[in-house]
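Input: a single structure, listed below in structure tokens.
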Amino acid sequence: MFAQSLNARSSLIALSLAVLMAAPVQAAPETYLGVDISYANEMEDCGAVYRAGGKTVEPYAFFKSAGANVARIRIWNDPDWTPYSNLKDVKRSIAKARKAGMQVLLDFHYSDDWADGDKQIAPKAWAKLSTPDQAKALYAFTHDTLAELDREGLMPDLVQVGNETNGEIVSSLAKAKEPIDWTRNALLFNAGIKAVRDAGAASKIKPRVMLHIAQPENVEPWFAAAAKAGVTDFDLIGISYYSKWSKRSMAQLGQTINRLRHLYSADVLVVETAYPFTNAGADASPNLLGADSLIAGYPATPAGQKTYLTDLTQLVYANGGVGVVYWEPAWLSTQCKTRWGVGSNWENAALFDFKGQALEGVQWLTAPYVMPVDVTFRVAAHGEAARFIDGDFLGGVGPRPMTLENGAWTYRTRLMPGASVTAATATDAAAVGDAPAKAATVGKGASVIPLE
């Protein structure tokens, strides 16, 4: 590996960072700090009251004023067990988000019920169809939903093609633990992606496509298999991160994000996370996030919740990610019944206390985060057909191809100010590990690091 080769050589050359004023500055990626408040309509219908600063607040408007710029909203196909998260309810939610001034991330589950990392159950209308017909149905449902939303001025800005799709989508509980048939899976995913692109082509809003996997340990193997199967047309990689269900630490999550953003031309974000502000409960329904969800250094207190969210978001940014979305800050305890009993299974992990008062955790949205800066590695070209770069900043993904620009080979990335980096290049990927490496320190602004 590059790091081992680097330690074994004495050819490391110290290099002070060169900042070239003429260097092109890339536009910073759009960042997303937001909330999934798909429960908000149901909660308000059940009598939940949200408060902040001694006043009653409307949840969408409140989160916008608190600093959120995106609202995530789920949609099921035919949820005949609930009047919520169907198209009618989604229209209600998107209208509220737009009125508040937020972008919208529409999350297609492709199921009549919850689809998640443990199950991807086909909608009943699709269950007995052949795979080609399921792909046609998935395309039609996605395209028609988006087209109808667009006609009413409600086209989302981002669209998830599937929710926590660790297993094969549009499947069954019996097959949930079986290996993915990637020929089938790719056909379905590409149908959904094409539907988003086609709907966007007819709209002023061109939704960005997100693919979403639960828990960081599952993400890299899934996307490697997806790429091999021909699923490549996506703009964002969404990750769920809950310590209770993950084998990875927060630091390891950051490392995963860093590798992903160098491997794929997609932005990476944590699109689901949460943390309890107490281990107590407001009702008899058991809390899904209990003491087994805690991370050392982050107690189940309002301050602990805020610190977790702030530290996690800084970690995401520092590793090249573009944001964090909280799930589900508005799911309070009411007298209404859920699938699991009266009340809520999440009230101890909401961003409001048991009386509906906003917690200090919402301040995570406006914390003073330190952002990475543009860094361009550059080597003069001498007629070679290709050049590759490797370095500790790549997190172990291996040599990456450089791009020929104006007589120089370049590799562009974003790194934290003050970071120490080492890098080497060669005209053959296999030779990079033996090439002389150079060290540099990233400056405070856009920088060019020459690797001559």
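Here are the numbers for this structure:
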{"item": "Inter-site label distance for residue 291 and residue 99 at 7 Å from Cα along Cβ, in nm", "result": "4.4 nm"}
{"item": "Surface accessible to a 1.4 Å probe, per residue, for the residues of the chain, Å²", "result": "41 Å²"}
{"item": "Principal axis dimensions, region 333-452 - Cα atoms, whole angstrom, descending", "result": "72, 32, 25"}
{"item": "Qualifying trypsin sites (Lys or Arg not before Pro) in region 372-452, DSSP loop, other Cβ atoms within 10 Å at most 16", "result": "444"}
{"item": "DSSP beta bridges in region 73-206 [antiparallel fraction, %, rounded to 5]", "result": "10 percent"}
{"item": "Label point distance in nm, residue 384-residue 91, each placed 7 Å from Cα along Cα→Cβ", "result": "5.9 nm"}
{"item": "For the chain, alpha-carbon Rg over 2.2 N^0.38 Å", "result": "1.04"}
{"item": "Assigned charges on the beta-carbon of Lys, Arg, Asp, Glu; the chain dipole about Cα centre (debye)", "result": "500 debye"}
{"item": "Residue-level accessible surface for residue 184, protein heavy atoms, 1.4 Å, Å²", "result": "30 Å²"}
{"item": "Per residue, the convex hull volume that the Cα atoms of region 100-152 enclose (Å³)", "result": "111 Å³"}
{"item": "Ratio Rg/Rh, restricted to region 102-236 and using Cα atoms, in which Rh is the Kirkwood radius", "result": "0.95"}
{"item": "Cut-off 13 Å between beta-carbons: net charge of the residues surrounding residue 415, Lys and Arg +1, Asp and Glu -1", "result": "+2"}
{"item": "Stretch gain in nm, segment residue 147-residue 311, where the contour uses 0.36 nm per residue and the Cα spacing is subtracted", "result": "55.2 nm"}
{"item": "Leading residue at positive end of dipole, the chain (Cβ point charges), from 154, 171, 83", "result": "154"}
{"item": "Lys/Arg +1, Asp/Glu -1 at C-beta; the chain dipole; positive extreme among 309, 117, 277", "result": "309"}
{"item": "Beta bridge orientation in the chain: antiparallel %, DSSP, nearest 5", "result": "45 percent"}
{"item": "Kirkwood hydrodynamic radius (C-alpha pairs) into Stokes-Einstein, region 130-195, 20 °C and 1.002 mPa s, D in µm²/s", "result": "167 µm²/s"}
{"item": "Once the Cα gyration tensor of region 322-371 is diagonalised, semi-axes √(5λ) in Å", "result": "27, 12, 5"}
{"item": "Overall dimensions of region 255-364 by Cα: Rg and Dmax, Å", "result": "15.4, 48"}
{"item": "Alpha carbon convex hull of region 160-307, volume per residue in cubic angstrom", "result": "158 Å³"}
{"item": "Region 78-169: C-alpha gyration tensor shape, a/c 1.5 cut-off, then a/b vs b/c", "result": "prolate"}
{"item": "Antiparallel bridges, percent of DSSP beta bridges restricted to region 304-452 (to nearest 5)", "result": "85 percent"}
{"item": "Separation in nanometres of the label points that stand 7 Å from Cα toward Cβ, at residue 340 and residue 392", "result": "4.3 nm"}
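The values are calculated or read from the model by the stated rules, or taken from the named source; none is laboratory data. What you see is a predicted model; the values in this text were computed from it and never measured. Please note: Cβ atoms are built from the backbone with ideal geometry, for glycine as well, and neighbour counts cover all protein chains shown. Side chains are part of the model used for accessible areas, which takes the heavy atoms of the whole protein and leaves out ligands, DNA and RNA. Shrake-Rupley method; radii C 1.70, N 1.55, O 1.52, S 1.80 Å.
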